[in-house]
Amino acid sequence: MKRAESWQTAEIPGPKKALTPKTPETIALFIKRAKRPLIVAGSECIKLEVNGERYIDYIIKIAKTGNIPVVATAHTVKSFLEKGIREIFSMSAMEVADRLRDPEWKGFDGKGQYDLVLFAGMKYYFEWLILSGLKHFAPHLKTVSLDKYYQPHASWSFPNLPDKEWRETLLKIAEKLKT
Amino acid sequence: MSRKELYLKVKEAATKLGVFKDLEIAIDRILVEEYEEPMGPTPFPSITELRNWDFKLLNRYRPFYMPFCDLCCLCTFGKCDLTQGKRGACGLDMAAQQSRIVLLACCIGAATHIGHARHLVEHLIERYGRDHPIDAGEGVDIEAPVTRLVTGIRPRTLKDLEIVLDYLENQVTHLLSCTHTGQEGSSIDFESKVLHAGMIDQVGMEIADIAQISVYNFPKADPNAPLVELGAGVVDKSKPVILVIGHNVPPAVEIANYLMNNDLMGEVEVAGLCCTAHDLTRYTPKAKIIGPISWQLRFIRSGLPDVIVVDEQCVRTNLIFEAKKIKAPFIATSEKNCQGLRDRSRDPVDEIVADLVNGRETGVLILNPEKVGEVAVRAALKVAPRRAKFKVIPDVKDVIEGAKKCRKCRECIRACPNNLPVMQAVNEAANGNLAPLAQLYENCIGCARCESACQADLPLHSYIVKAAEKRFKEEKFKMRSGRGAVKDTEIRTVGQPIVFGEIPGVIAFVGCANYANGGKEVAEMVDEFAKRRYIIVTSGCAAMTAAMYKDEEGKTVYEKYSGDFDASGVLNVGSCVSNPHIAGAAIKIARIFAKRNLRANYEEIADYILNRIGAVGVAWGAMSQKAASIASGFWRLGVPVIVGPHGSKYRRMLLGRKDKPEDWYVYNARTGEKVYVGPAPEHLFYVAETKEEAMVEIAKLCMRPNDTTKGRAIKLTHYIDLHKKLYGSIPDDIHLFVRTKADIPLTMKDEILAYLKEKGWKETMIPDPTLLPRLIREKVE
């Protein structure tokens, strides 16, 4: 049985914990329902492998199929550019988080604040803290962690997943976004 | 200035006003003015006196809080759930609670340095007298720039430092009291107090360092301070080894004194970890440095120390047990770190040594540094031949056999701060392959949480050290010993190019060794920016880390670059308490180059630094509460600080918003006109996710509104070049930093002009920038 508990043992969040979606399709549904979704891709997505393939490639797949804008944090943008992705924004993780908490922010395209933000590929504790900041100070946002480890400060996060299951989950999300 | 307690008692006095009988007058302190600068507006500022300045900073650099958890559990009303706008039983909301925690951390940090300074000054006064002069070195007239700036005092002797310490202790008490239930309720006011804690922390550190420099004759503002040996491999195992750990150096100094006085200096090795090691090599370059504080466990388990002496701060708190495992006598020497040991301070040395050597006591508390010196040396000489360097690092065979007991529960990985694949490495070791374990060594911060979590009780940290034993033993480096202050004469040379921007920046690599990706990144950043002609200043564990990597010619950055405060200089100022020399250099630029009064003139000098001096602090492995207070001292002075990924756990950033032009206006002091100057510097406290991000951000944060066009062009060159190299594109905010066409780097002109055109860029003016209306010389009608 999967237990929704923090990956790093000591990271105990408090009373409000992320819900774990029953199926990957649920996340796809949330994305489809969102008016202004955004993917925040961290630097670990160029290091991490999903069952032998780069995490960044899965993020690109989800972004493309769901037509979701991506902001790459730190120097991650370079890897997106090298992969020929031109529709990419670049901003540091702290700056993105700071803007996401501001309901008046106009977004990267000037059309307004986002309503669903999907986080992928940051160091566990680093993403944990950003999600906590947003949980407390950005009530207008819903957040999702696409990572393999449970992030309790998100609105929704997978439980800690084995690599194979994580890969299938990401692929299913991408697949469902197509339809 | 000196402290003069006056007590006057008159039995009977006949005056024009009448006859006074049994008149008693008591005056605690008379301030005697003895130096040329006029007293500024804020001597000995209270906790609210600089609040207006803080609010200017905090209105531009707004706090972004990232709570560790949803709760407050500081009083018995609680636990209180503060999630998403809820208030606790005391009325506090999450923002205020987070800023309260930051204040607590900074109070702990400041109290630690101030307590350190108090103990040190008391000891030095007892040993060398109250009238021992303060001497920061030849060519240093402004001996205590931070103290002068904050208090208005120019300390001349050790007794003057006591007055300053009285003030600092008073302020810490007030600040700490603000965190009590039902006191401060505003997050912004908490933040202002955080900045105050940082400011007094800087003074406390400065007091400690100028006292020890003056009395112990450390290198005095010496760019050619000696190169000292660093690394686990530099210790001569054939000799008795005394290991000193901590920050407050008198016990270690007395060990060196005993060795020197008894012609034993070449017979016994004295090696240290963390700032005690820094300061001991400043006292005698014959001492050796093992490395940053997090190396303590691996070195102890290697069995090399015959006696372990700890003082205070950042000392691993279970070392008494680790010492016992390797049968090394343990000596605690600080009131702040007694470890439950029997106080033997008044016992005869012979008895203490005999008890330690015969194992009747595994550890003792000795609060007399001279006695520590004699006991440690005599015990080491007697214990060493018996111990034969007894170690607890297992043999390869033991590692392999132990690894077979792994239960594959993954608890080691889940406990590791860096999420290192410990379990996978252990499983490889079970098959006889120790290479994956050895690979963990570089990124292991030495906390041993993996061991605590291991369900099979495997000594996992020792396994890692064993696997990397060859590398561990070959760690031999050179680091320049802490030089202390920057000379006034050096400031005269570089003040103008720094303020005009022609030296692109001063970068201080400071703080602890809690690195997310190993320490190599620090050495790489130091090298990159030294090559680019920035001035690099180092201190504390970061100074050591910078020395732990060699270039192709086998040189560390201290061998490769000069120790001058000049372009491409890499200078180690010393230990944690030497950090104010870095702030002091910025303050002295305002005084010496710009002729600003610094005496008790905090706000004006901080305004000068924020707008004109391209300085950035980088605490890539910041871990402690002291690091938090050190950083906040820099923020109040207008110096931005970047931390590494683990620094996000400080839970609060101070971030600017470049997309809000209204935040980036200053007064032109020449006319009073408000002028847009762009986001320079953009942030005050910032966590970078990667080394690459930090490097780009460092270059950007060095820009200041006052840069000349030539200076801005140089700074932009580095920013754009690094961005292209590391991000693969030109930055998307150049238009915010180009004020006139003359700011554009010549080699990039066409590309940048095209970009500016696309952005609809318009030229702006370069003002004489200030945030303080009182500094406007002529108001616009």
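Derivation of every value follows stated rules applied to the coordinates shown; laboratory data play no part. Remember, predicted model here, so these are calculated numbers, not experimental data. Note that each Cβ is placed from the backbone with ideal geometry, even for glycine, and that neighbours are counted across all protein chains shown.
Reducing segment B:618-645 and segment A:139-179 to their Cα centroids gives an inter-centroid distance of 34 Å. In chain A, the calculated helix contribution to ellipticity at 222 nm averages -11000 deg cm²/dmol per residue, counting -39,500 (n - 2.57) for every DSSP H run with n ≥ 4. Annotation: lysines with alpha-carbon distance below 16 angstrom to B:Lys588 (same-chain offsets under eight excluded): B:Lys487.
Inter-part distance, segment B:547-578 to segment A:105-124, computed on C-alpha centroids, equals 41 Å. For segment B:294-305, putting each phi into the Karplus relation 6.51 cos²θ - 1.76 cosθ + 1.60 with θ = phi - 60° gives couplings of 6, 7, 4, 5, 5, 6, 5, 5, 5, x, 5, x Hz, in residue order, rounded to whole numbers and with x for Gly and Pro. The simple spin-label model puts a point 7 Å past each Cα toward its Cβ; for B:Arg87 and B:Glu751 those points are separated by 5.5 nm. With contributions of -39500 (n - 2.57) from each DSSP H run of at least four residues, the per-residue ellipticity at 222 nm computed over chain B stands at -12500 deg cm²/dmol.
Mind checking the full-extension length gain between B:Thr764 and B:Ser186? Use 0.36 nm per residue of separation minus the Cα-Cα distance, one decimal, nm. Length gained, B:Thr764 through B:Ser186: 204.4 nm.
Peptide B:326-332 is shielded by partner chain Cβ atoms: per residue, an average of 0 of them sit within 10 Å of its Cβ. Under a Cβ-Cβ cut-off of 13 Å, what is the net charge of the residues other than B:Thr333 that fall near it, where Lys and Arg count +1 and Asp and Glu count -1? In short, -4. Compared with the direct C-alpha span, the chain from B:Asp236 to B:Val349 gains 38.0 nm at full extension, assuming 0.36 nm per residue.
Taking a sphere under 13 Å around the Cβ of A:Glu87 and counting the other residues whose Cβ falls inside, with K and R at +1 and D and E at -1, yields a net charge of +2.
Each of A:Tyr114, B:Tyr441 was scored by other Cβ atoms within 10 Å of its Cβ. Arranged with the fewest first, they read B:Tyr441, A:Tyr114. Each of A:Pro69, A:Pro139, A:Trp105 was scored by the projection of its Cα onto the charge dipole of segment A:37-179, and the greatest displacement toward the positive side belongs to A:Pro69; charges sit on the C-beta of Lys, Arg, Asp and Glu. Within 10 Å of the Cβ of each residue in B:95-102, the mean number of Cβ atoms contributed by other protein chains is 1.
When the C-alpha to C-alpha distance is required to be over 30 Å, the pairs from A:Lys123/B:Lys550; A:Lys61/B:Lys724; B:Lys288/B:Lys700; B:Lys220/B:Lys324; A:Lys47/B:Lys56 that qualify are B:Lys288/B:Lys700; B:Lys220/B:Lys324; A:Lys47/B:Lys56.
The trypsin sites (Lys or Arg not before Pro) of segment B:575-659 that DSSP puts in a loop, and whose beta carbon has at most 14 other beta carbons within 10 Å, are B:Lys595.
Pairwise Cα distances in segment B:161-256 exceed 17 Å for 69 percent of all pairs. The simple spin-label model puts a point 7 Å past each Cα toward its Cβ; for B:Ala13 and B:Phe321 those points are separated by 6.5 nm. Each of B:Phe330, B:Met748, B:Ile213 was scored by the projection of its Cα onto the charge dipole of the protein assembly as shown, and the greatest displacement toward the positive side belongs to B:Met748; charges sit on the C-beta of Lys, Arg, Asp and Glu. Extending 7 Å from the Cα toward the beta-carbon at both B:Leu264 and B:Glu138 defines two label points whose distance is 3.5 nm. This model, with +1 at the C-beta of Lys and Arg and -1 at the C-beta of Asp and Glu, gives segment B:347-491 a dipole about its Cα centre of some 560 debye. For the segment A:131-144, counting C-beta atoms of other chains within 10 Å of every residue's C-beta and taking the mean gives 4.
Among the trypsin sites (Lys or Arg not before Pro) within segment B:726-781, those in coil by DSSP and having at most 13 neighbouring Cβ atoms inside 10 Å are B:Lys762, B:Arg777, B:Lys779. Charging the Cβ of each Asp and Glu at -1 and of each Lys and Arg at +1, and nothing else, the dipole of segment B:51-216 about its Cα centre rounds to 640 debye. In a simple Cβ point-charge model (Lys, Arg +1; Asp, Glu -1; nothing else charged), the protein assembly as shown has a dipole of about 2500 debye relative to its Cα centre.
Going from the residue with the fewest nearby Cβ atoms within 10 Å to the one with the most, A:Met94, B:Met544 rank A:Met94, B:Met544. Segment B:389-465 and segment B:109-165 have their alpha-carbon centroids 46 Å apart. A simple count of charges around A:Ala34, restricted to other residues whose Cβ falls under 11 Å of its Cβ and scoring Lys, Arg +1 and Asp, Glu -1, yields +4.
The gain in end-to-end length when the B:Glu553 to B:Glu442 segment is fully stretched comes to 37.8 nm, 0.36 nm per residue minus the alpha carbon separation.
Restricting attention to chain A, close to 10% of DSSP beta bridges with both partner residues there are antiparallel. Cβ crowding within 10 Å ranks B:Glu552, B:Glu169 as B:Glu552, B:Glu169, fewest other Cβ atoms first.
Considering only B:Leu71, B:His123, B:His735, and ranking their Cα positions along the charge dipole of chain B that arises from unit charges at the beta-carbon of Lys, Arg, Asp and Glu, the one farthest toward the positive end is B:Leu71.
Take the alpha carbon gyration tensor of chain B, find the square roots of its eigenvalues, order them as a ≥ b ≥ c, and report rounded if a/c is under 1.5; if not, report prolate when a/b exceeds b/c, else oblate. The shape class here is oblate.
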